[in-house]
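The values are calculated or read from the model by the stated rules, or taken from the named source; none is laboratory data. Every value quoted in this text rests on a predicted model; they were computed, and no experiment measured them. Here Cβ is always computed from backbone atoms with ideal geometry, including for glycine, and neighbour counts include all displayed protein chains. Surface accessibility is based on the protein's heavy atoms, side chains included, excluding ligands, DNA and RNA. Shrake-Rupley method; radii C 1.70, N 1.55, O 1.52, S 1.80 Å.
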Amino acid sequence: MLARRELIPLTHENMSTESASGYSRKNPFPATLTVNKKLTGEGSNKDTRHFEISLAGSGLEYEVGDSLGVFPTNDPALVDQLLKTLGFSGDEIVPNADKVSVPLREALLKSYVITSPDKKLLAAIAERDSSAQFLKDFLDPAYKTNLDEYLWGRDVLDPLLEFTAARFTPEEFVACLRKLQPRLYSIASSRKVVGENVHLTVAVVRYESYNRPRAGVASSFLAERAQGQGAVPVFCHTAKHFRVPEDPSTSMIMVGPGTGIAPFRAMLQERAATGATGKNWLFFGEQRSKTDFFYREEFEKYQADGVLTKFHTAFSRDQDFKIYVQHRILENAAELYDWLENGAIFYICGDASRMAKDVDAALHEVVEKAGGKTPEQAKEYIDALKKEKRYRKDVY
């Protein structure tokens, strides 16, 4: 699912893009990538990286809990393959997604989605190639499952290679593409610590499908194509619902497996910098402690300094049976419930489709078992946490 999720724009709940600097989603700042460091070790199944981006001179400000919007460019190699397959030079003038006339190559690099075929493209191919008639059926909402199965692992080039009778003019082709959207990444730093910089924790998506290597648009852009002064167009995306506690004496329980660790690294930086007296409890999970323990030295130092009160890890592949963050939560049910009873705020960041649901189910079980409540009473308890803004999510 990671590869799929990277192909669509990430959205975070309750956010706005207002900025006093003049830079925004409609007018992104040309930032510079200054650090591109691999967090995963040799032998890891993943390529997760720490990026640092300079916002110097932008006037952009962010708070801990916010996200950074990144406008990526597409892979030039995929653009070249598309142009070759379609018989275009790339110099043809076409409207980009904002209706501005630009060379086709530029439009395909910066303006349109070329990693996931739009329904309009499939319909146009079906009209132009008789062997692609079945694609018309897939466009019926009743065949959504069939459409999803067909699209899985395919980019815009795949149906063009499959149905070679389908021919387009440059203008017809771009009219069948969707606008390329920015990706949102949870910020992994506090301005009180890093100044005019912003840190990100990003899993670089790479996989093979239909005998061709594929990559996530924005993650591979940052990892491979974002070098150079002003090469990373960005904006700050506020998330007022996901701040550190307003009262610095309030305790925090943070659950952030994988790249979901990002905002909690920022929150710990902030809590340390401000001398917040509230206790901090972090749950982090990944595959293997040897290769996937992100920011280990930082977190261990926070423990030694007393900033990080409790720290539980769940490395799913370090033993014969899989252990996830929700298991660690259940193992510590009594103490976690006690923290909640004493006013702690519960935070989750990461995958909405599975992890967040599993953690939510574990939290209900904690309240039932440690709190001696029925399932209905546990639901009421957690609903009250949400109403009091003591259950905060940044999921995608």
Considering only the range 133-156, I want to know if a residue exists there that is assigned to a helix (DSSP H, G or I), of a type outside the set (D, E, K, R), touching a strand residue (DSSP E or B) at 6+ places or on another chain (Cβ under 9 Å) and surrounded by 12 or more Cβ atoms within 10 Å (Cβ to Cβ).
no
Do you know which residues across the range 68-92 are small (Gly, Ala, Ser), open to solvent by less than 20 Å² (accessible area, probe 1.4 Å) and within 21 Å of ALA226 (Cβ to Cβ)?
GLY69
Filter the range 375-394 for residues that are among the basic types (Lys, Arg) and free of Cβ contacts under 8 Å to residues at least 40 places away in the same chain and give the result.
LYS379, LYS386, LYS387
Scanning the range 193-211 for residues that are in contact with a Leu (Cβ under 8 Å, 6 or more places away or on another chain) and either surrounded by fewer than 20 Cβ atoms within 10 Å (Cβ to Cβ) or of a type outside the set (A, V, I, L, M) (or both), which turns out farthest from SER111 (Cα to Cα)?
GLU196
Do the conditions hold for LYS26, that is, is it touching an Asp or Glu at 6+ places or on another chain (Cβ under 8 Å) and either surrounded by fewer than 17 Cβ atoms within 10 Å (Cβ to Cβ) or not acidic (Asp, Glu) (or both)?
no
Test: LEU121 is under 30 Å from THR238 (Cβ atoms) and buried (at least 18 other Cβ atoms within 10 Å of the Cβ)
no
Got a number for residues in the range 159-192 being of a type outside the set (Val, Ile, Thr), in a helix (DSSP H, G or I) and open to solvent by less than 30 Å² (accessible area, probe 1.4 Å)?
4
Of the conditions (1) open to solvent by less than 40 Å² (accessible area, probe 1.4 Å); (2) closer than 16 Å to THR32 by Cα; (3) in a loop (DSSP other than H, G, I, E, B), the single one that PHE221 does not satisfy is (3)
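It is to be established whether one or more residues within the range 274-291 are of a type in the set (A, V, I, L, M), out of contact with any Cys (no Cβ under 7 Å at 6 or more places or on another chain) and farther than 30 Å from GLU162 by Cα.
yes
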Given the conditions (1) in contact with a Lys or Arg (Cβ under 8 Å, 6 or more places away or on another chain); (2) closer than 30 Å to VAL244 by Cα; (3) surrounded by fewer than 21 Cβ atoms within 10 Å (Cβ to Cβ), and given that ALA97 satisfies all but one, which numbered condition is not satisfied?
(2)
Can you spot a residue in the range 306-319 that is without any contact (Cβ under 8 Å) to a residue 40 or more places away in the chain, surrounded by 19 or more Cβ atoms within 10 Å (Cβ to Cβ) and assigned to a helix (DSSP H, G or I)?
no
Taking the residues in the range 328-387 that are assigned to a helix (DSSP H, G or I) and touching an Asp or Glu at 6+ places or on another chain (Cβ under 7 Å) as candidates, determine which candidate is most open to solvent (accessible area, probe 1.4 Å).
PRO375
